[in-house]
Amino acid sequence: MKKEYHIIGRRGAGSLIAEFLFEEIDVPYTIEFPGLKENKNLVHPLGKIPILICPDGNRIYETLAIINHITHRFDRLSPKSDSIFFDRYWQFLSLLATSVYPAYHRQHHSRYYVPEHAYEELRSRAKSEQALIYDYIENELNPFICKDNITAADFYLYMLTRWDLDKTSLRENRPKLTFLIDTVRNRPSVAKVLEGQKKYIKSV
């Protein structure tokens, strides 16, 4: 039997991006959601997910590395290296991974960063930083990050917005971001993944 890609993840968490991309390019895969203490298959030094196990047995961790593997292996959903959008794509993907994602993590998992009495201050600062970035992204979308070409960066951006604690404010005065969120959410690939997790997570 031919081996498939296998994702080790958590419901509604960062492993969604691997599912979105595989569904979008029609690559078969399997997925499992081990408990927090079931880390025998994890190779990240901090035991984080997602982990992508390739058909040849190679294991890849860190979301950007997984996105890079999928888009390059199947030559889909990322600009060519000689494209005028190549640097822009990586610029935005990196911005999302190094600034927007950590801001959400500080809001949802404040206990990892500060004592309980400082939770609200930490969350407030993270939200303020995030708002500046989302305003910047709003001005840059046209209608996607790389103009008319939807890329893995757009799917990643959509995934991050699912974690927002105030989705009404997220969309307020950001019509272009709202359009991207709705457009990506309504793609058959994304709808299929979210339907599969429907009993575990809330819809946007």
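Given the condition out of contact with any helix residue (DSSP H, G or I) (no Cβ under 6 Å at 6 or more places or on another chain), of a type in the set (Ser, Thr, Tyr) and within 29 Å of Leu141 (Cβ to Cβ), answer yes or no: does some residue in region 22-44 qualify? Checking region 22-44: not a single residue is out of contact with any helix residue (DSSP H, G or I) (no Cβ under 6 Å at 6 or more places or on another chain), of a type in the set (Ser, Thr, Tyr) and within 29 Å of Leu141 (Cβ to Cβ).
From the set of residues in region 58-74 that are free of Cβ contacts under 8 Å to residues at least 40 places away in the same chain and assigned to a loop (DSSP other than H, G, I, E, B), which is farthest from the chain's Cα centre (by Cα)?
If we filter region 58-74 for residues that are free of Cβ contacts under 8 Å to residues at least 40 places away in the same chain, which is where we start, we get 58-62, 64-65, 68-69, 72-73.
Then keep just the ones that are assigned to a loop (DSSP other than H, G, I, E, B); that gives 58, 62.
Working: Asn58: 22, Glu62: 11 Å.
So, considering only residues that are free of Cβ contacts under 8 Å to residues at least 40 places away in the same chain and assigned to a loop (DSSP other than H, G, I, E, B), the one farthest from the chain's Cα centre (by Cα) is Asn58.
For first residues located in region 9-26 and without any contact (Cβ under 8 Å) to a residue 40 or more places away in the chain, partners that are of a type in the set (S, T, N, Q) and in a helix (DSSP H, G or I) and lie 6+ apart or on another chain with Cβ distances below 9 Å form the pairs Ser15/Thr63; Asp26/Ser189. Among the residues of region 89-117, just one is closer than 16 Å to Ile67 by Cβ and either surrounded by fewer than 10 Cβ atoms within 10 Å (Cβ to Cβ) or touching a strand residue (DSSP E or B) at 6+ places or on another chain (Cβ under 6 Å) (or both), namely Tyr89.
Taken as a whole, the structure places Glu120 among residues that are open to solvent by 30 Å² or more (accessible area, probe 1.4 Å), of a type in the set (Asp, Glu) and without any contact (Cβ under 8 Å) to a residue 12 or more places away in the chain.
Against the conditions (1) closer than 24 Å to Ser83 by Cβ; (2) under 19 Å from the mean Cα position of the chain (by Cα); (3) open to solvent by 80 Å² or more (accessible area, probe 1.4 Å), Tyr158 satisfies every one except (3). Yes or no: region 36-45 includes at least one residue that is of a type outside the set (Phe, Trp, Tyr), surrounded by 15 or more Cβ atoms within 10 Å (Cβ to Cβ) and within 22 Å of Thr183 (Cβ to Cβ). Scanning region 36-45, I find no residue that is of a type outside the set (Phe, Trp, Tyr), surrounded by 15 or more Cβ atoms within 10 Å (Cβ to Cβ) and within 22 Å of Thr183 (Cβ to Cβ), so the answer is no. Scanning region 66-88 for residues that are open to solvent by less than 40 Å² (accessible area, probe 1.4 Å) and either closer than 22 Å to Glu4 by Cβ or among the β-branched types (Val, Ile, Thr) (or both) gives Ile66, Ile67, His69, Ile70, Thr71, Leu77, Ser78.
Out of the residues in region 1-16 meeting the condition of being of a type outside the set (Gly, Ala, Ser) and closer than 19 Å to Pro55 by Cβ, tell me which one is surrounded by the most Cβ atoms within 10 Å (Cβ to Cβ).
The extreme case among them is Ile8.
Do you know which residues across region 47-65 are out of contact with any Phe, Trp or Tyr (no Cβ under 9 Å at 6 or more places or on another chain) and open to solvent by 60 Å² or more (accessible area, probe 1.4 Å)? Residues satisfying the conditions are Asp56, Asn58, Arg59, Tyr61, Glu62.
Residues that are within 21 Å of Asp26 (Cα to Cα) and open to solvent by 80 Å² or more (accessible area, probe 1.4 Å) do occur in region 176-186, at least one of them.
The values are calculated or read from the model by the stated rules, or taken from the named source; none is laboratory data. Because the structure is a prediction, the values reported are computed rather than measured. Reconstructed Cβ throughout: ideal geometry from the backbone, glycine too, with neighbour counts over all protein chains shown. For the accessible areas, the whole protein counts, side chains as well, though only heavy atoms, and no ligand, DNA or RNA atoms are used. Shrake-Rupley method; radii C 1.70, N 1.55, O 1.52, S 1.80 Å.
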